[in-house]
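One structure is given here, and the rest of the page talks about it.
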Amino acid sequence: MKIIHNKTCRMCDSTKFKVVIDIGRHPLVNSLVPKDRLDRKDPTHRLVVKQCQKCNLVQLVDIIDAEEIYKKVDYLYFSSDMPGLDKYFAPYAEEVRDRFLKKNDLVVEIGSNDGIMLNLFKDTQRILGVDPSANVAIRALKRGIPTIPLFFTELLAEKIVREWGPAKAIIGNNCIAHLNDVRDLIRGVKTLLAKDGVFVIECNYWGGMVKNTNYSLIYHDHYSYFSLQGWQTFAPQYGFHVFDAVVTPAQGGSLRMFLSTDGRPETERLKALQREEEVTDLNGYKTSLRYRQNVLQAAKKLRQILRDLKRQGKKIAGYGAAAKGLTILKCSGIGRETLDYFVDDSPAKQGWYTPVDHIPIISRDEAERRLPDYFTILAPNYADVIIAKEARYRERGGKFIVPKGEVKIV
């Protein structure tokens, strides 16, 4: 497996870093294991989060090459299988369309997955997706979403603009964090974007992680954890200006930014968020150290709760075989001795096993025959949706453990 050892920050080229948190050795969270490979040892790799001392970007320096994660295996995350994601994207797409687009304008989405968001533009705009996972792109094509199964690069942007023309909106949802070469991305966006176009980024937000003690986003797929201040420093190097930004509830707090090259005025909500980052010293290393301490305490508390319940003879299962959940388990030292199985609504994951611990993943219907006393929600960003859907389980005495910031039992 190809490991890349970056010697410089991917946003400013500094060579000086400080450790934020060391997770230890961790498997690739989306590399689920089929039944016929359970006798093999699953590879693990060091997972260390660091912070640049110059621009303050929180990042992984030693990374797994993205080709290993997205191109050489079947990527088993499909956006359309995620509960409530279509409802989340609907007002988002409406805002982009109402503020920036006209009929038949071109909308390009980077990291478009199976096309759940582009589908919302299909009736009024021309659409094109770019996603490196071939199996995901095939599903998008079957849904009527034109998709190029490649990584988005400056070279690909040149090809797209020749064949499709400039894009009025380029959208990147939760894909920027997966890129080691952020500079090639933004050069490509500038090549493809119309002069009066808008680049919209939604990415994991360091501020949300700190505020909510969210450590579930730390895994090998995520190379960077962003702040507004970082992008306000980085984007102008390539002629872009962040003119609007807002924190959204996705992923426990995501950062949505609007960039352009035509000098649009800054919005009041952007200025408010900028002030908040300054007042809270979000990008300071002392904040990172507090985050580490809070994460260690939260992981310890979850471990203690689950072990106490297990000693009482309670049956416990995981709900949601999400990448985030495997990080939670790793940090808390929880494995098959504690969880009997995972439930997951995605048919693509059912019948597979988690890496290293080989916990089976089953459907909710199958779980009905052997319901646990407690479900630990390991897709914590969908906790509210899951709990609402499982009202009958709760009526029968079932409970949920929610490791979302402070661990809660409901």
Practice task
Kindly establish whether Ser80 is assigned to a helix (DSSP H, G or I), under 18 Å from the mean Cα position of the chain (by Cα) and touching a residue at least 12 places away in the same chain (Cβ under 8 Å).
Solution key: yes
Practice task
May I ask you to verify whether Ala93 is small (Gly, Ala, Ser) and over 17 Å from the mean Cα position of the chain (by Cα)?
Solution key: yes
Fill in the blank from the handout: Result of the Cβ filter at 9 Å on the stretch 48-69, keeping first residues that are at positive phi and surrounded by fewer than 16 Cβ atoms within 10 Å (Cβ to Cβ) and partners that are assigned to a loop (DSSP other than H, G, I, E, B) and not polar (S, T, N, Q), at least 6 apart or interchain, is none
Problem - Given (1) more than 18 Å from Met209 (Cα to Cα); (2) in a helix (DSSP H, G or I); (3) at pLDDT below 95; (4) out of contact with any strand residue (DSSP E or B) (no Cβ under 8 Å at 6 or more places or on another chain), number of the condition Arg392 does not satisfy - result: (3)
Fill in the blank from the handout: The lone condition Leu255 fails out of (1) surrounded by 14 or more Cβ atoms within 10 Å (Cβ to Cβ); (2) in contact with a Ser or Thr (Cβ under 8 Å, 6 or more places away or on another chain); (3) not in a strand (DSSP E or B) is (3)
Completion exercise
Residue count, the stretch 136-166, condition over 18 Å from Leu193 (Cβ atoms) and of a type in the set (Lys, Arg), comes to 3
Fill in the blank from the handout: Of the residues in the stretch 139-189, those that are under 19 Å from Ile116 (Cα atoms), among the β-branched types (Val, Ile, Thr) and over 18 Å from the mean Cα position of the chain (by Cα) come to Ile145, Thr147, Ile148, Ile170
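Would you be able to tell me the number of residues in the stretch 280-334 that are assigned to a helix (DSSP H, G or I), of a type in the set (Val, Ile, Thr) and within 26 Å of Gln53 (Cβ to Cβ)?
3
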Problem - Condition met for Phe152 (under 26 Å from Thr8 (Cβ atoms) and touching a residue at least 40 places away in the same chain (Cβ under 8 Å)) - result: yes
Completion exercise
Of those in the stretch 353-389 that are of a type in the set (Gly, Ala, Ser) and not in a loop (DSSP other than H, G, I, E, B), the residue surrounded by the most Cβ atoms within 10 Å (Cβ to Cβ) is Ala383
Exercise for the section: Could you grab the pairs with beta carbons closer than 9 Å, sequence gap of 6+ or different chains, first residue in the stretch 267-296 and without any contact (Cβ under 8 Å) to a residue 12 or more places away in the chain, second one hydroxyl-bearing (Ser, Thr, Tyr) and surrounded by 11 or more Cβ atoms within 10 Å (Cβ to Cβ)? Expected result: Asp281/Thr287
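Conditions tested, residue by residue: (1) touching a His at 6+ places or on another chain (Cβ under 9 Å); (2) under 30 Å from Tyr291 (Cα atoms); (3) in contact (Cβ under 8 Å) with a residue 40 or more places away in the chain; (4) buried (at least 24 other Cβ atoms within 10 Å of the Cβ).
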{"position": "Glu163", "(1), (2), (3), (4)": "no, no, no, no"}
{"position": "Gly172", "(1), (2), (3), (4)": "no, yes, yes, yes"}
{"position": "Leu179", "(1), (2), (3), (4)": "no, yes, yes, no"}
{"position": "Leu192", "(1), (2), (3), (4)": "no, no, yes, yes"}
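The values are calculated or read from the model by the stated rules, or taken from the named source; none is laboratory data. Only a predicted model underlies this, so the values are computations on that prediction, with no experimental measurement involved. Positions of Cβ are backbone-derived with ideal geometry, glycine not excepted, and every protein chain shown enters the neighbour counts.
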